[in-house]
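The values are calculated or read from the model by the stated rules, or taken from the named source; none is laboratory data. Remember, predicted model here, so these are calculated numbers, not experimental data. Positions of Cβ are backbone-derived with ideal geometry, glycine not excepted, and every protein chain shown enters the neighbour counts. For the accessible areas, the whole protein counts, side chains as well, though only heavy atoms, and no ligand, DNA or RNA atoms are used. Shrake-Rupley method; radii C 1.70, N 1.55, O 1.52, S 1.80 Å.
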Amino acid sequence: MIRLKVRKTIEDNGLIKKGDKVLVAVSGGPDSIALLYILAELSGRYDIELVVAHLHHMLRGKDADRDARFVRKMADDLSLPFIVDKVNVKIIAKTHRMSIEEAAREARYDFYSRAAAKFGASKIATGHTLDDQAETILMRLLKGSGSLGLSGIPHKRKSGNILIIRPLLDVDRKAIDKYLKKNRVAARIDASNLNTVYFRNKIRNVLIPILEKDFNPRIKGVLASVASTFTAESSYLAWVAAKKIKRICRTTKDGVEVKIKDIIREHIAVQRLIVRQVLAYLAGSLKGITYKHWEVIESLMKGEARKEINLRGRIKAVKNNGKIIFTRKDADCKRIFDLKKAATLKVPGEVIIPGLGATIKAEVIKRRPDFKKKKDRSTEYVNGDIIGSYLKIRTKRAGDRMKPLGMASYKKLHDIFIDEKISRERRNMVPIVVSGSRILWVAGVRLSDEFKVNESTKRILKLSATTT
């Protein structure tokens with residue numbers, strides 16, 4: 001029985017505890033609808049409150065409008081609070097040079113984080129299933145991922161102050177379809193899931209059926225077991241690597257230094273994880289870091305070929321005096337930093353943007369500030385209740401608008417720059433802090449009225465911009 005399986009997943013992995021408020025991400029498809037109904041059935045057992053969240057991606061015209069109305073009705077039928085938002089994913093993908101799938105995922109999690117903060121939810125439940133796990137493992141295997149990538153989708157992961165949970169991760173879609181049919185629960189079908197242009201859809205609709213038919217009818221369960229094995233092993237190795245990093249790596253203003261003689265003493269698996277974690281630290285994420293990056297670093301450590309290598313995200317590795325020195329940028333580079341692909345600022349945290357000569361920092365403060373004593377615009381205080389676990393930093397773009405503090409309507413950023421007497425030369429160098437698709441702060445210039453601290457604000461963020 002599916003409910004017993006979900007209960008086992010919840011309890012084995014500590015996904016829910018008594019009294020939690022859980023935001024349920026509901027697209028309207030079978031998986032998310034089953035998740036919503038099963039959690040509603042279990043809400044009494046765990047004494048939890050549920051909130052339904054739906055993001056309209058503006059990708060499928062009237063079908064997407066029907067999805068939003070459908071999910072709203074489901075929430076109403078279950079007497080649950082409902083929140084919806086609308087985001088143009090195509091524009092996000094184009095602006096940030098992402099695939100549609102990647103942009104949609106970023107938009108969803110940003111919305112879920114904001115919605116959870118608004119409702120005071122500590123957890124976000126998503127409808128990932130055993131099928132999603134199998135698809136993810138195959139996708140990463142075909143792209144050449146290592147053991148960390150083959151760990152697949154975790155049952156839970158931390159995102160800022162929010163825990164993202166996957167109660168259906170051990171349940172396959174056949175069981176979900178059977179559950180919905182038995183309980184006469186309707187769901188929306190997204191026709192785009194059949195389009196094999198998308199990599200995941202091709203794996204789902206072409207590769208997995210072949211593997212099930214010709215090789216192993218239980219291939220999904222096998223792949224999930226592989227993920228579980230790699231999760232345990234990768235977790236241990238990451239713990240070992242983190243301890244070694246503290247001993248052999250030194251952070252500097254410009255990056256990270258690693259002593260070659262110390263790192264080559266370690267097991268090759270630990271060496272790779274140390275390099276991977278250093279690159280992730282400098283780049284802000286693990287995205288785009290592949291085995292090829294390790295290979296070029298390994299050749300550098302062995303003294304082969306060049307003594308300097310340019311890596312992803314304008315990171316450079318230089319061999320000098322028995323060390324590998326990883327820096328964020330070439331010190332001689334004079335180009336204006338291209339932020340068409342925005343930098344990520346974790347909340348709380350900081351990000352150095354070398355090309356702009358700036359560091360943007362976000363920190364949670366405990367005491368309400370005295371706004372009368374604020375001396376300049378390099379520091380601002382914003383409403384953290386409506387901000388997710390990360391912000392984006394970029395430069396100005398055509399059509400940018402914001403609602404300046406104290407104003408009731410939006411204003412073009414171009415006009416704000418003119419009002420504030422910001423020269424044309426400087427405008428391309430001003431960091432712009434963005435939450436979701438909205439401008440939060442034009443650093444050192446103007447703050448958005450939409451993010452101002454009010455009397456009901458519980459979590460206050462201090463944003464600061466300093467010259468590096």
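Quick rundown of the values:
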{"quantity": "Contacts under 6 angstrom Cβ, first residue in the stretch 21-35 being more than 20 Å from Lys178 (Cβ to Cβ), partner charged (D, E, K, R) and surrounded by fewer than 23 Cβ atoms within 10 Å (Cβ to Cβ), 6 or more apart", "calculated": "Lys21/Glu49; Val22/Lys123"}
{"quantity": "Selected residue (criterion: modelled with the highest pLDDT) from residues of the stretch 265-289 that are in a loop (DSSP other than H, G, I, E, B) and within 22 Å of the chain's Cα centre (by Cα)", "calculated": "Ile289"}
{"quantity": "Breaking point among (1) touching a residue at least 40 places away in the same chain (Cβ under 8 Å); (2) over 25 Å from Tyr291 (Cα atoms); (3) among the charged types (D, E, K, R), for Arg97", "calculated": "(2)"}
{"quantity": "Test: residue in the stretch 3-10 that is without any contact (Cβ under 8 Å) to a residue 60 or more places away in the chain and of a type in the set (A, V, I, L, M, F, W, C)", "calculated": "yes"}
{"quantity": "Unique match (being among the aromatic types (Phe, Trp, Tyr) and under 30 Å from Ala398 (Cα atoms)) among Tyr109, Tyr37, Tyr46", "calculated": "Tyr109"}
{"quantity": "Residue selected from the stretch 98-149 under the condition among the charged types (D, E, K, R) and over 27 Å from Arg276 (Cβ atoms), by the criterion nearest to the chain's Cα centre (by Cα)", "calculated": "Arg114"}
{"quantity": "Hey, Asn201 free of Cβ contacts under 8 Å to residues at least 40 places away in the same chain and open to solvent by less than 50 Å² (accessible area, probe 1.4 Å) or not", "calculated": "yes"}
{"quantity": "Residue in the stretch 218-232 that is of a type in the set (Val, Ile, Thr), farther than 25 Å from Ser147 by Cβ and modelled with pLDDT of 85 or more present", "calculated": "no"}
{"quantity": "Count - residues of the stretch 213-260 that are of a type in the set (S, T, N, Q) and either under 21 Å from Gly322 (Cα atoms) or not in a helix (DSSP H, G or I) (or both)", "calculated": "3"}
{"quantity": "Selection status of Lys143, surrounded by fewer than 17 Cβ atoms within 10 Å (Cβ to Cβ) and within 30 Å of Ser456 (Cβ to Cβ)", "calculated": "no"}
{"quantity": "Whichever residue in the stretch 214-251 is closer than 28 Å to Thr9 by Cβ and of a type in the set (Lys, Arg) and, among such residues, is most open to solvent (accessible area, probe 1.4 Å)", "calculated": "Arg218"}
